[in-house]
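Taken together, the values in this text are just the output of simple stated rules run on the coordinates, not laboratory data. Since this is a predicted model, take the numbers as computed values, not measurements. Backbone-built Cβ (ideal geometry, glycine too); neighbour counts: all protein chains shown.
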Amino acid sequence: MVFSLSEKLWAEAQQLFPGGVNSPVRSFKSVGGIPFYVSRAKGSKLFDVDGNSYTDYVCSWGALIHGHAHPAVVRSIGETLQDGTSFGANSPLEIKLAQLIRSAMPSIEKIRFVNSGTEACMSAIRIARGFSGREKIIKFEGCYHGHSDSLLVKAGSGALTTGVPDSSGVPSCLSSLTVVLPWNDKPTLLEAFKKYGKETAAVILEPIPANCGLIPPTEGFLECLLSTAKQYGTLVIFDEVITGFRLAMGGAQELFGIQPDLTVLGKIIGGGLPVGAVGGKKEIMDCLSPVGTVYQAGTLSGNPLAMAAGIAQLEQIKKLPTYSQLETLGRQLEAAIEDIQKKLSIPLQFHRFGSMFSFFFTPKKVLSSADAYGVDKKRFSHFFTSLLHSGIFLPPSPYETAFLSTAHSESDIDELAKIVYDTLKKIT
Ligand code: PMP
């Protein structure tokens, strides 16, 4: 593969952006090498400026459940665009997307749209604090809830990948209000609630953490968390920025049969345009201005193009047998990886949940972020680079999750399995 135009752009970008990028993980810092520059994308494929193509398992970090440039999404954005890009006033599209979301997630009675998952998580925390009059929050190590001050404490995703899970620039008076607990550890959870429960406004979690690799909850952990939080009057916030509409129309909360107090959404509900949302029980959401005293606002919130893209993507989910199609592809991949593991003796844990998956290069089971920290990062870098040079784009970090879309085909998965096999044979 030749990367000469990407190399040229990368050199220019170094002069313009810190680390050459507008979001850290795009720098390929933890895997080495030069990041490629995308010229266009269609279905499951990305095409770079040098003419290389990749089967894409990043899918805009999970946002594109139907792959790139889906005709229904493109059409909807195009039609909406003819009537203007932003109104600074209400549009019916906001109501339509809100109704689609509410009918899929019964825990959401009222919702507010914002422009990113970060904003939505930040607002959810403020709502919980305003509602309860309490200041502390509980989060889990390795979970990522965007880059607002209170939540950049032992964070996953790019913060972990680039070695700054506790960002500098966050005032200690804020981070000291964030209690961080290990994932899947019931005794520590119970202990923490005993100590801090009565002062804690909310516990925020990814119900299936996907920002430290993919680490599903162990049996009974979520139920224990919910009943304990209830006992102490602590609100439960499900950050379903990734899992919302990815695993089921009703997200992880539908799968687990759990109703959180507040839910945070993003990614899929924006069809690839910038969006976020926080929703939940009416009496909690009504704390927001202009009804209540918790302030939150946004120039571009409820943007018509983002709403149109989200509506088209959600309607498309309903039209197709989306989740059974994704599960079939996921099973095909899992079976292929199991087969590879039998053939080659490699210290690899492969995790999959529906259309989400990740590779942990470690001989030990991975149940928490502490287990994930022990992965062989060098081996992951070789794995990533070798796959990339064979036309497969995985997330450029051992601490992220890969995604399938309905645009992926069985032959895409066969191709992936073959390249994974050839690569692992070389690097073991
Ligand atoms: N929550 C979760 C679970 C996420 O995965 C992310 C981003 N990947 C965010 C929040 C922040 O979303 P955004 O990047 O849109 O600010």
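Between the stretch 321-394 and the stretch 234-269, how far is it from one alpha carbon centroid to the other, in angstrom? The stretch 321-394 and the stretch 234-269 have Cα centres spaced 24 Å from each other. Dipole of the stretch 109-231 computed with +1 at Lys/Arg Cβ and -1 at Asp/Glu Cβ about the Cα centre; of Gly163, Ser132, His145, farthest Cα towards the positive end is Ser132. Distance between the pseudo-spin-label points of Thr188 and Glu109 (7 Å out from Cα toward the beta carbon): 3.5 nm. With a Förster radius of 25 Å applied to the C-beta separation of Lys198 and Asp286, the computed FRET efficiency comes to 0.55. Using the alpha-carbon positions of the stretch 164-286, Rg (one decimal) and Dmax (whole number) come out as 15.0, 42 Å.
Normalised radius of gyration (Cα atoms, divided by 2.2 N^0.38 Å) for the chain: 0.96. Placing a pseudo-label 7 Å from each Cα along the Cα-to-Cβ vector at Lys42 and Gln99 gives an inter-label distance of 3.5 nm. Length gained on full extension, Ser172 to Lys364: 65.7 nm, using 0.36 nm per residue less the C-alpha separation.
Among His389, His145, His351, His70, sorting on how many other beta-carbon atoms sit within 10 Å of each Cβ, with the fewest leading, yields His389, His351, His70, His145.
The spacing between the stretch 285-309 and the stretch 143-205, judged by their C-alpha centroids, is 26 Å.
Using the Kirkwood radius over Cα pairs, work out the Stokes-Einstein diffusion coefficient for the stretch 325-428 at 25 °C and 0.890 mPa s, in µm²/s as a whole number.
Here the translational diffusion coefficient equals 177 µm²/s.
Charged side chains reduced to their Cβ positions (Lys and Arg at +1, Asp and Glu at -1) give the stretch 27-160 a dipole of some 400 debye around its Cα centre.
Quick one: divide the alpha-carbon radius of gyration of the stretch 66-213 by 2.2 N^0.38 Å and tell me what you get. Can you show the working numbers first?
Values: Rg = 18.6 Å, N = 148, 2.2 N^0.38 = 14.7 Å.
Scaled against compact globular proteins, the figure is 1.27.
Each listed q (0.17, 0.22, 0.24 Å⁻¹) maps to a log10 I(q)/I(0) for the stretch 1-103, found by the Debye formula over equal Cα scatterers with no solvent: -0.97, -1.18, -1.27. Mean-square fluctuations from a GNM of the chain, with a 10 angstrom spring cutoff on Cα atoms, peak among Val153, Val164, Val203 at Val164. The length gained by stretching the chain between Glu7 and Arg75 to full extension, at 0.36 nm per residue less their Cα-Cα distance, is 21.1 nm. Measuring r between the beta carbons of Leu344 and Leu300 and using R0 = 56 Å, the FRET efficiency lands at 0.70.
Give me the distance between the Cα centres of the stretch 1-71 and the stretch 401-427, rounded to whole Å. Spelled out, the Cα-based centre of one part sits 18 Å from the other. Only helices enter the 222 nm calculation for the chain: every DSSP H run of n ≥ 4 contributes -39,500 (n - 2.57), and dividing by all residues gives -12000 deg cm²/dmol, rounded to 500.
One decimal place: the segment Val49-Leu16 gains 10.0 nm when fully extended, by the rule 0.36 nm per residue minus the C-alpha distance.
Charging the Cβ of each Asp and Glu at -1 and of each Lys and Arg at +1, and nothing else, the dipole of the stretch 95-150 about its Cα centre rounds to 220 debye.
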